[in-house]
Ligand code: AMP
């Protein structure tokens, strides 16, 4: 199916072209026709499937007819970042439509939002708490609303927003079109869907996007050598944008700093940052000023950067679901991506859980050029442990994990001026990069910004 078959208004079709979309993604293919017809839709799809355009495009098309200057579409999202991304998508896809969209979320001044709302907008992209503030202060008028979208409904539930959503819905005309998107369908979301959707058409895209377009690899390593291995891995891998996950805020900050000190354009995103700094780091990453972003799971909520080529789990996530969510950030919309995970001997149970979810064994890799026995660099004292018996046991566990070789050998990692090779040794498979010519081992880094 082609976009042309949706018969979008010419200004909306121009937006599709401006965004560079050539063919609809599966969720767009399934959801756009019923949304265009005016049906309520329940979309089961996660971030990365193209779900935003699946609702934004038909909304823009619809709003091309009818009055301007009143709120006709409301999109509710769980996080500020997601709200901003949706608003941005509207900006790109709707550039020629002259329809106006505004974001409404907390943590920033309310007055500029009031002014924009007063100025007359057709689309509001909001987080529940601040939207309720506007409703209570009567600074938003939802009485002309035609379309309501609840995006990432399961996350809204996780974040405790369902009571707010129910309150908001009381202020919205009953005669409306409602679209709900969710990656999963727990009972509470099913109940909410039952309450807010009328005779919905359910569309679903499978959870397979990461498995199809993302190559997974595990790197067994001692905890205290992770930063050194990260540097080595980055030096030997061709990357676009890299998103690195750590378990703690402190570690995110520290690894971000170490990368910046090493000459990478790197920033870190932790819960402690002010909204302005957070937005600056995110914008910098999205626009390419920062090539690397280091974040915790919570701080990374809602990040959508389509060009993320590599997700690196500096620390293993706590659940298999969190793994799927992290790596869902790469391999977006027909692009390929890599998910590298550093594992210590203590992560074996989680590795097994993730392999069960993926339905396949993940390849173990070692960097041949990396000294896995090297002593701890002075500045890595956060992870320093005196060498003693348990450490040897951990090494043993890491080595044992490494012996279980994976299936995906020979894929993805490229080295500038190098070719990728694998060869089997007696005990395990080693992966090396052999240089095609005799160029220097060093890589030119961009200056820190
Ligand atoms: P989403 O799931 O809405 O977060 O979209 C994921 C990414 O896919 C975004 O960066 C979109 O710009 C991109 N995208 C959406 N639809 C298409 C399409 N039909 N072709 C190519 N990229 C797309």
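Observations, loosely collected:
- In segment 253-284, of all residues being in contact with a helix residue (DSSP H, G or I) (Cβ under 7 Å, 6 or more places away or on another chain) and part of a helix (DSSP H, G or I), the one that is farthest from residue 300 (Cα to Cα) corresponds to 258.
- Here residue 107 fulfils each of the conditions (1) touching a helix residue (DSSP H, G or I) at 6+ places or on another chain (Cβ under 6 Å); (2) surrounded by fewer than 20 Cβ atoms within 10 Å (Cβ to Cβ); (3) at pLDDT 95 or above apart from (3).
- In the set (1) over 23 Å from residue 98 (Cα atoms); (2) surrounded by fewer than 24 Cβ atoms within 10 Å (Cβ to Cβ), residue 21 fails one condition alone, (1).
- Matching entry among 124, 56 (being surrounded by 24 or more Cβ atoms within 10 Å (Cβ to Cβ), under 21 Å from the mean Cα position of the chain (by Cα) and either farther than 22 Å from residue 280 by Cα or modelled with pLDDT under 95 (or both)): 56
- Of note, residue 218 satisfies the criterion of being farther than 28 Å from residue 83 by Cβ, modelled with pLDDT of 95 or more and in contact with a helix residue (DSSP H, G or I) (Cβ under 9 Å, 6 or more places away or on another chain).
- In segment 1-38, residue farthest from the ligand (Cβ to nearest atom) [restricted to those that are in contact (Cβ under 8 Å) with a residue 40 or more places away in the chain and under 21 Å from residue 183 (Cβ atoms)]: 34
- Those residues of segment 74-122 which are under 21 Å from residue 168 (Cα atoms), away from the ligand (no atom under 16 Å from the Cβ) and in contact (Cβ under 8 Å) with a residue 60 or more places away in the chain, in sequence order: 74, 107, 108
- Verdict on residue 286 being under 23 Å from residue 328 (Cα atoms) and modelled with pLDDT of 90 or more: no
- Residue 115 passes every criterion in (1) over 29 Å from residue 39 (Cβ atoms); (2) in contact with a strand residue (DSSP E or B) (Cβ under 8 Å, 6 or more places away or on another chain) apart from (2).
- Which listed residue is in contact with a helix residue (DSSP H, G or I) (Cβ under 7 Å, 6 or more places away or on another chain), over 20 Å from residue 326 (Cα atoms) and touching a residue at least 24 places away in the same chain (Cβ under 8 Å), from 169, 244: 169
- When the residues of segment 286-300 are filtered to those that are part of a loop (DSSP other than H, G, I, E, B) and touching a residue at least 40 places away in the same chain (Cβ under 8 Å), the one that is surrounded by the most Cβ atoms within 10 Å (Cβ to Cβ) is 290.
- Where residue 12 falls short, out of the listed (1) touching a helix residue (DSSP H, G or I) at 6+ places or on another chain (Cβ under 7 Å); (2) surrounded by fewer than 21 Cβ atoms within 10 Å (Cβ to Cβ): (2)
- Residue count for segment 225-240 satisfying the condition of being surrounded by fewer than 21 Cβ atoms within 10 Å (Cβ to Cβ) and within 22 Å of the chain's Cα centre (by Cα): 3.
- Pick from segment 39-71, criterion in contact with a helix residue (DSSP H, G or I) (Cβ under 8 Å, 6 or more places away or on another chain) and on the phi > 0 side of the Ramachandran plot, ranking: nearest to the ligand (Cβ to nearest atom): 50
- Among the residues of segment 148-200, those that are within 23 Å of the chain's Cα centre (by Cα) and part of a loop (DSSP other than H, G, I, E, B) comprise 151, 152, 159, 160, 161, 183, 184, 185, 186.
The values are calculated or read from the model by the stated rules, or taken from the named source; none is laboratory data. From a predicted model like this one, the values you see are computed outputs, not experimental measurements. Every residue, glycine as well, gets a Cβ built from its backbone with ideal geometry; the counts of neighbours run over all protein chains shown.
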